[in-house]
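Student: The following block contains the structure, expressed as structure tokens.
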Amino acid sequence: KLAVLKRVEDLNEVGVIFSGGVDSSLIALLLREISLNKNLKVTLYAVGKKNSKDVVAAKCVAEYLGLPLKVHDITESIVKDSLKDVVQAIGEKIGVGMTVYLASKMIAEDNIKVAISGQGADELFGGYNRYLNSYRENTLDDELRYDMANMYHVNLERDDACSMANGVELRLPFLDKNLVEFALNIPVRYKISGSDDKLRKNILRKTAFNLGLDKQIAYRPKKAAQYGTGIDKILRKKVLKDTDIEEYLK
């Protein structure tokens, strides 16, 4: 909670890039608690195709938490219109970047200058499916530390560029220095319970449940943003087939 509080103590209003997954839902829960004692307006922002998994989950969690949610229903034309800006901001890896770009664009349109994101939770608590291989090979702890050390160039630089393209500053509570040091020293058996653990991030999910999230929310399976929103499908099957990315990179 302190990591979240530190990132909003200078604010009266904040937007949350929201998928309805455990990471962003836990942040939203803590922000709601903080807002009860502080003059802070919290609004959730979700993007995705109409009735995509992330949009459905986001609506469910927002209602559960009693927080306002704004949803941007994504269509092929919206992705196509945004493609040039996203490519010029980050280059070719545009799936997740598109999600951050469109969410932060909504936030900017509401004149909010700061967005909160759950980025970093997967690397700290073993959220990605690929970590199961590391678990089987008994190298999970090493991989989590490696991923955290290299996270800026893999994910953060991309997300920061996409939000700043809209003039929105991205703040990341899970990457609070004290929280990172604490989480990296948690034994991996508390993060992944076995080589067939489909949910992963066990200790984070348990914490979220104990702090007040509904079990269905805390234990919702992870789906990467570009897939949960349906944006990847629009990009691959429709937009990119007819677009020369190199033109935007010149």
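The values are calculated or read from the model by the stated rules, or taken from the named source; none is laboratory data. For clarity, every value in this text was computed on a predicted model and none was experimentally measured. Backbone-built Cβ (ideal geometry, glycine too); neighbour counts: all protein chains shown. Note: accessible area is taken over every heavy atom of the protein model, side chains too, but ligands, DNA and RNA are not part of it. Shrake-Rupley method; radii C 1.70, N 1.55, O 1.52, S 1.80 Å.
Student: So if I check each of LEU235, LEU204, LEU156, LEU170, which one is among the hydrophobic types (A, V, I, L, M, F, W, C), closer than 26 Å to SER82 by Cα, modelled with pLDDT of 95 or more and open to solvent by less than 50 Å² (accessible area, probe 1.4 Å)? Lay out the reasoning, then the answer.
Tutor: Details: LEU235 fails: modelled with pLDDT of 95 or more; LEU204 fails: closer than 26 Å to SER82 by Cα; LEU156 fails: modelled with pLDDT of 95 or more.
Unique residue meeting the criteria: LEU170.
Student: Just to verify a result, which residue in segment 69-78, among those that are of a type in the set (A, V, I, L, M, F, W, C) and farther than 20 Å from ILE217 by Cα, is most open to solvent (accessible area, probe 1.4 Å)?
Tutor: Quick first cut of segment 69-78, residues of a type in the set (A, V, I, L, M, F, W, C) only: 69, 71, 74, 78.
From the residues that got through so far, the ones that are farther than 20 Å from ILE217 by Cα too are 74, 78.
Numbers: ILE74: 8, ILE78: 41 Å².
Across segment 69-78, the extreme among qualifying residues is ILE78.
Student: Oh, and also: What is the residue count in segment 55-68 for residues that are open to solvent by 20 Å² or more (accessible area, probe 1.4 Å) and either closer than 13 Å to SER19 by Cα or in a loop (DSSP other than H, G, I, E, B) (or both)?
Tutor: Residues meeting the conditions: 6.
Student: Right, something else. Of all the residues that make up segment 132-164, how many are assigned to a helix (DSSP H, G or I), farther than 18 Å from VAL96 by Cβ and not aliphatic (A, V, I, L, M)? Break it down into steps so the answer makes sense when it comes.
Tutor: Residues of segment 132-164 assigned to a helix (DSSP H, G or I): 132-136, 140-149, 151-164.
From what is left, the residues that are farther than 18 Å from VAL96 by Cβ are 132-136, 140-146, 149.
Keeping just the survivors that are not aliphatic (A, V, I, L, M) gives 133-136, 141-143, 145-146.
Count: 9.
Student: Here's a follow-up. Could you figure out which of (1) crowded, with 23+ Cβ neighbours inside 10 Å; (2) modelled with pLDDT under 90; (3) assigned to a loop (DSSP other than H, G, I, E, B) isn't true of GLY20?
Tutor: So GLY20 meets the others, but not (2).
Student: On the given criteria, is ASP142 of a type in the set (Asp, Glu) and surrounded by fewer than 17 Cβ atoms within 10 Å (Cβ to Cβ)? It would help to see each step written out before you state the result.
Tutor: On the way: of a type in the set (Asp, Glu): yes; surrounded by fewer than 17 Cβ atoms within 10 Å (Cβ to Cβ): yes.
For ASP142, the condition - of a type in the set (Asp, Glu) and surrounded by fewer than 17 Cβ atoms within 10 Å (Cβ to Cβ) - is met.
Student: Can you report the number of residues in segment 107-121 which are within 27 Å of LEU179 (Cβ to Cβ), part of a helix (DSSP H, G or I) and open to solvent by 10 Å² or more (accessible area, probe 1.4 Å)?
Tutor: First pass over segment 107-121, keeping only residues within 27 Å of LEU179 (Cβ to Cβ): 107, 112-121.
Imposing the further condition that a residue be part of a helix (DSSP H, G or I) reduces the set to 107, 121.
If we keep only those that are open to solvent by 10 Å² or more (accessible area, probe 1.4 Å) too, we end up with none.
Qualifying residue count for the region: 0.
Student: Which residues, counting only those in segment 180-196, are in a helix (DSSP H, G or I) and either open to solvent by less than 50 Å² (accessible area, probe 1.4 Å) or basic (Lys, Arg) (or both)?
Tutor: We begin by selecting, within segment 180-196, every residue in a helix (DSSP H, G or I); these are 180-184, 188-190.
Residues satisfying the conditions are VAL180, ALA183, LEU184, VAL188, ARG189.
Student: Between residues in segment 187-200 that are over 12 Å from PHE125 (Cβ atoms) and residues that are loosely packed, with under 14 Cβ neighbours inside 10 Å, which pairs lie under 8 Å by C-beta distance while being six or more apart or on different chains?
Tutor: Final answer for the pair search is SER195/ARG136; LYS198/PRO221.
Student: Looking at segment 28-41, can you tell me whether even one residue there is out of contact with any Cys (no Cβ under 7 Å at 6 or more places or on another chain), hydrophobic (A, V, I, L, M, F, W, C) and without any contact (Cβ under 8 Å) to a residue 12 or more places away in the chain?
Tutor: Kept after step one, since they are out of contact with any Cys (no Cβ under 7 Å at 6 or more places or on another chain), are these residues of segment 28-41: 28-41.
Those left that are additionally hydrophobic (A, V, I, L, M, F, W, C): 28-31, 34, 36, 40.
Narrowing further to those that are without any contact (Cβ under 8 Å) to a residue 12 or more places away in the chain: 36.
Yes, segment 28-41 contains a residue that is out of contact with any Cys (no Cβ under 7 Å at 6 or more places or on another chain), hydrophobic (A, V, I, L, M, F, W, C) and without any contact (Cβ under 8 Å) to a residue 12 or more places away in the chain.
Student: Scan GLY97, GLY127 and give me the residue that is touching a residue at least 12 places away in the same chain (Cβ under 8 Å), open to solvent by less than 10 Å² (accessible area, probe 1.4 Å) and not in a helix (DSSP H, G or I). Before the answer, list the steps.
Tutor: Numbers: GLY97 fails: not in a helix (DSSP H, G or I).
Criteria check complete, one pass: GLY127.
Student: Is it true that some residue in segment 32-54 is on the phi < 0 side of the Ramachandran plot, surrounded by 21 or more Cβ atoms within 10 Å (Cβ to Cβ) and of a type in the set (D, E, K, R)?
Tutor: For segment 32-54, residues on the phi < 0 side of the Ramachandran plot, surrounded by 21 or more Cβ atoms within 10 Å (Cβ to Cβ) and of a type in the set (D, E, K, R): present.
Student: Here is a follow-up. For segment 32-48, name all the residues that are within 22 Å of HIS72 (Cβ to Cβ) and touching a Lys or Arg at 6+ places or on another chain (Cβ under 8 Å).
Tutor: VAL42, THR43, LEU44, TYR45, ALA46 - these are the residues of segment 32-48 that are within 22 Å of HIS72 (Cβ to Cβ) and touching a Lys or Arg at 6+ places or on another chain (Cβ under 8 Å).
Student: While we're here: Could you tell me which of the residues TYR135, TYR190 is touching a Ser or Thr at 6+ places or on another chain (Cβ under 7 Å) and modelled with pLDDT of 95 or more?
Tutor: On the way: TYR190 fails: touching a Ser or Thr at 6+ places or on another chain (Cβ under 7 Å).
Step by step, each of TYR135, TYR190 is checked, and only TYR135 is touching a Ser or Thr at 6+ places or on another chain (Cβ under 7 Å) and modelled with pLDDT of 95 or more.
Student: Pick from segment 24-54 the residues that are part of a helix (DSSP H, G or I) and of a type in the set (S, T, N, Q): which of them is modelled with the lowest pLDDT? Write out each step before concluding.
Tutor: Step one: of segment 24-54, the residues part of a helix (DSSP H, G or I) are 24-37, 53-54.
Checking which are of a type in the set (S, T, N, Q) leaves us with 24-25, 35, 37.
Numbers: SER24: 97, SER25: 98, SER35: 96, ASN37: 90.
Top of the filtered list is ASN37.
Student: Something else about it: In segment 131-159, what residues are in contact with a helix residue (DSSP H, G or I) (Cβ under 8 Å, 6 or more places away or on another chain) and more than 30 Å from GLN88 (Cβ to Cβ)?
Tutor: TYR131, SER134, TYR135, LEU140, ASP141, ASP142, GLU143, LEU144, ARG145
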